[in-house]
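*Asks:* This is the structure, below, for whatever I ask next.
The values are calculated or read from the model by the stated rules, or taken from the named source; none is laboratory data. This structure is a prediction, so every number in the text was calculated from the model and none was measured. When we count neighbours, we look across all protein chains shown, and the Cβ atoms used for this are built from the backbone with ideal geometry, even at glycine. In case anyone asks, the SASA skips ligands and DNA or RNA and just uses the protein heavy atoms, side chains included. Shrake-Rupley method; radii C 1.70, N 1.55, O 1.52, S 1.80 Å.
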Amino acid sequence: MSLENATAKSISSGPDRRRLARRKRVDVLVARTGFVVTLTVLSVLLALIGQLAVEGVGRLSWQFLTSYPSRLAAQAGILSAWVGTILVMLLTALVAVPLGLGTAVYLEEYAPKNRLTTLIDINIANLAGVPSIVYGLTALALFVYEFRLGQSFLTAGLTLTLLVLPMIIIAAREALRAVPPQIREAASALGATKWQTVKHHVLPCSMGGIMTGLILALSRAVGETAPLMTVGALSFIAFLPQPPWLSDVPFISFQWMLDPFTVMPIQMFNWVSRPQEDFHVNAAAAGLILLLMTLAMNGLGIAVRARFRKRIRW
Amino acid sequence: MDAEATKPDLLKHAQAIHVPPVFPPRFKEKVVEWLLMITALASVAVTVGIVGVLSYESFLFFRQVSVLDFLTDSQWTPLFSEPHYGILPLVSGTVVTTAVALLVAIPAGTVVAVYLSEYASPALREAVKPALELLSAVPTVVYGYFALLFVTPALQWIWPDLPGFNMLSAGFVIGIMIVPYVSSVSEDAMRAVPLALREGAYALGATRMQTSLRVVFPSALSGIAAAYVLGVSRAIGETMVVAIAAGMQPTLTWNPLEPAATMTAYIVQVSLGDLPHGSIGYRTIFATGLTLLLMTFIFNLAGHVLRKRYRQVY
């Protein structure tokens, strides 16, 4: 009893007490520093959005969305850029999704544990770390010159496919891995073949994760600029690609794929790198729309993830 | 095993009741497996494409320019009438912007990671993490705009004689951009530290600050180092910010207040022009790209090794 009192006394006053108080003060200081640094980093994001909004929002109008680029800043618009962005995205998704999903399913469900599988595995991890402009260089030599696809929508779509493929594969594999083995075992026990198991059970079960990965990868593709510049995007296109339909047989045309292309980031880069202030305003307006597009896609990805996480409980 | 044993019986039965098997059921399975394997090989083909193209074009380049000149010449003027092919100015530009970026991203990313993993309430963490992820979702061309038209003017307010293009603002913005890469991987590493270690420290009377800095941080160090290395390789490969905000003049300088071109900016600059395919100027971008790929590859490999090692600790 007396001993306890003595200890309590020596802590409640004297040097120990002061040391303890100082340690606590430092602790609070560190906590506040952490909070402030986190806020500072986030406020840069706010500053960026604010700067774009203040500069560009006045330029946003129906006319801006439906006009071609022009020598006169006040008349210039982003029609060819956003149409181009959507078409390039469509092509990218068309090629990258089957390839990425196929690879993920093969590696997770089929691949035997051997050298080749390990090689593919390491290879995908490495591809995810390759700078985007290197994909552009590869596409320039292969698609533009070797396969003679020219500086076209097709080239652009394939270039972005190279870029997003590793991201899609990695995300899809994680989603497939999250499906519990019992589901596969139950399907097999009922006599389903491997492919039936995958098609009817594993893929639908992992759809949430897969969709999230796809959306995030494509939203990355929307903002990519560098690889498309190396394959020769034009920044001044005052026409739309040929329509994909014809008035007579065979009614559909793929000619548009070989038309020259531009996309939103390229248009914005072109305006930023001009000295005239008027074009900087256009750049801000284009940036605002570009930012809205990517943020909307990211939001969609997060929403899909949340929805599926709530719905599926193993 | 049981499924295998009953299958012949089933087949026999199927034939007995005259169900004409169009194909043996195994055939479709094999086709699917082969198709999936072919898609998996696509990722290997991408790598072969990248390495093949860069090596081949660089090989043609180094037949005309000696490797020694490439590595030691202090001038990079491949498109002048008296060309010099020294990669050093581009490397110095890359190193300086990367260094500035890391000076921002490593302290900020680490503090954010420590704060989120050890101090922040779960609710705050759940709110801040997606917001930080948005930082990496913003298109890089938008960051370029922000660096050129917001950060540089802001810095000129402090240093009035700062040139309009400079490596400082480009590096700063890249730094902010890679904070989420650094912080999320470091946070994962710190979360992986077993709770028992923290509880031990708290039981000995340590404050949160002492626990996080002297127990958690050192335990997660290799994982955190992997995050840093990932940040380095991102910063080296970043293109649009430097192409817009740091200028495109290759100068051998180590002063971040000066304009300079990085390897990525040079590739973009050349792609904007109209260089004839197969000329020496065209090949310089592949030699530059190969250098870039090798540099990032070293860092990616180091990050991979570090992450593997820290996984084995617990």
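*Asks:* Could you provide, to the nearest whole Å², the per residue accessible area of chain A with probe 1.4 Å?
*Replies:* 49 Å²
*Asks:* Still on this model: May I ask you to derive the FRET efficiency for residue B:279 and residue B:221 from their Cβ-Cβ distance with R0 = 45 Å, giving the value to the nearest 0.05?
*Replies:* Efficiency computed from Cβ-Cβ geometry: 0.40.
*Asks:* In a Debye calculation with equal point scatterers on the alpha-carbon sites of segment A:44-139 and no solvent, what is log10 I(q)/I(0) at q = 0.21, 0.24 Å⁻¹?
*Replies:* -1.13, -1.20
*Asks:* Continuing with the same structure: Mind listing, in residue-number order, the residues in segment B:98-130 that have at least 40 Å² less accessible area with every protein chain present than in their own chain alone (1.4 Å probe)?
*Replies:* Residues of segment B:98-130 that lose at least 40 Å² of accessible area once the other chains are added: B:111, B:112, B:115, B:119.
*Asks:* A further question follows. I want to verify the translational diffusion coefficient of segment B:57-191 in µm²/s; compute it with Stokes-Einstein, Rh as the Kirkwood radius over Cα pairs, at 20 °C and 1.002 mPa s.
*Replies:* 122 µm²/s
*Asks:* Now for a different question. Show which aspartates and glutamates lie in cross-link reach of residue A:199 when reach means a straight Cα distance below 20 angstrom and same-chain residues fewer than eight apart are skipped.
*Replies:* Counting by Cα, and skipping residues close in sequence, residue A:199 has these aspartates and glutamates nearby: A:108, A:109, A:174, A:185, B:29, B:33.
*Asks:* Now, a different point. Taking only Cα atoms of segment B:209-314, what ratio of Rg to Rh do you get with Rh as the Kirkwood inverse-distance radius?
*Replies:* Working: Rg = 18.8 Å, Rh = 16.3 Å.
Using Cα coordinates only, the ratio equals 1.15.
*Asks:* Could you grab the Rg to Rh ratio for segment A:112-257? Cα atoms only, Kirkwood for Rh.
*Replies:* Expressed as Rg/Rh, it is 1.09.
*Asks:* Can I ask one more? Mind giving me the nanometre distance, one decimal, between the label points for residue B:88 and residue A:24, set 7 Å out from Cα along Cα→Cβ?
*Replies:* Modelled inter-label distance: 6.0 nm.
*Asks:* Roughly how big is the A-B contact, given as buried accessible area in Å² (both sides, 1.4 Å probe, nearest 100)? Write out the running numbers ahead of the final one.
*Replies:* Details: alone 18800 and 18120 Å², together 30440 Å².
For A against B, buried area totals roughly 6500 Å².
*Asks:* Distance from a point 7 Å along Cα→Cβ of residue A:47 to each backbone N in segment B:145-167: keep the residues under 12 Å and list them by number.
*Replies:* The answer is B:146-158, whose backbone nitrogens lie closer than 12 Å to the label point.
*Asks:* Say R0 is 60 Å: what FRET efficiency, to the nearest 0.05, do residue B:62 and residue A:32 get from their beta-carbon distance?
*Replies:* Computed FRET efficiency for residue B:62 and residue A:32: 0.60.
*Asks:* On the first, second and third principal axes, largest extent first, how far apart are the outermost C-alpha atoms of the protein assembly as shown in Å?
*Replies:* 98, 79, 56
*Asks:* Let me ask something else. What would the Debye formula give as log10 I(q)/I(0) at q = 0.11, 0.14 Å⁻¹ for the alpha-carbon point model of chain B, no solvent?
*Replies:* Once normalised to I(0) and log-transformed, intensities are -0.82, -1.09.
*Asks:* Using a cut-off of under 16 Å, list every residue of segment B:155-194 whose amide N is near the label point 7 Å from the Cα of residue B:125 along the Cα-to-beta-carbon line.
*Replies:* From segment B:155-194, the list is B:183-194.
*Asks:* So, one more: Residues of segment A:123-142 with accessible area at least 40 Å² lower in the all-protein-chain context than alone (1.4 Å probe)?
*Replies:* Residues losing area: A:123, A:126, A:127, A:129, A:131, A:133, A:134, A:137, A:138, A:141.
*Asks:* Turning to a different aspect of this structure: Can you grab the distance from the C-alpha centre of segment B:142-206 to the C-alpha centre of segment A:18-64, Å, no decimals?
*Replies:* 11 Å
*Asks:* Which of B:70, B:35, B:53 sits closest to the plus end of the dipole of segment B:21-80, meaning its Cα is farthest towards the positive end, when Lys and Arg get +1 and Asp and Glu get -1 on the C-beta?
*Replies:* After comparing all options, I get B:35.
*Asks:* Same structure again: How much length, in nm to one decimal, is gained on full extension between residue B:75 and residue B:41, taken as 0.36 nm per residue of separation minus their Cα-Cα distance?
*Replies:* On the way: separation 34, 0.36 × 34 = 12.24 nm, distance 4.16 nm.
8.1 nm is the gain from fully extending residue B:75 to residue B:41.
*Asks:* Using alpha-carbon pairs under 8 Å, 6+ residues apart, how would you state the relative contact order of chain B in percent?
*Replies:* Here the relative contact order equals 24 percent.
*Asks:* Report the local net charge at residue B:296: Lys and Arg +1, Asp and Glu -1, summed over other residues whose C-beta lies under 11 Å from its C-beta.
*Replies:* Surrounding charge for residue B:296 is 0.
*Asks:* For segment B:187-314, what's the relative contact order in percent, using C-alpha pairs closer than 8 Å and at least 6 residues apart?
*Replies:* Result for segment B:187-314 is 27 percent.
*Asks:* Can you send over the carbon and sulfur percentage of the accessible area for segment B:113-186, probe radius 1.4 Å, protein chains only? Before the final figure, lay out the partial values.
*Replies:* On the way: 1780 of 2560 Å².
Result for segment B:113-186: 70 percent of the exposed heavy-atom area is carbon or sulfur.
*Asks:* Further question: Which whole-number percent gives the relative contact order of chain A, counting Cα pairs below 8 Å spaced six or more residues apart?
*Replies:* Working: 363 pairs, mean separation 77.2, N = 314.
Reported as a whole number, the value is 25 percent.
*Asks:* While we're on this one: If you roll a 1.4 angstrom probe over the protein chains with everything in place, what fraction of the accessible area of segment A:47-106 belongs to carbon and sulfur, to the nearest %?
*Replies:* Details: 1880 of 2510 Å².
The nonpolar share, carbon plus sulfur, comes to 75 percent.
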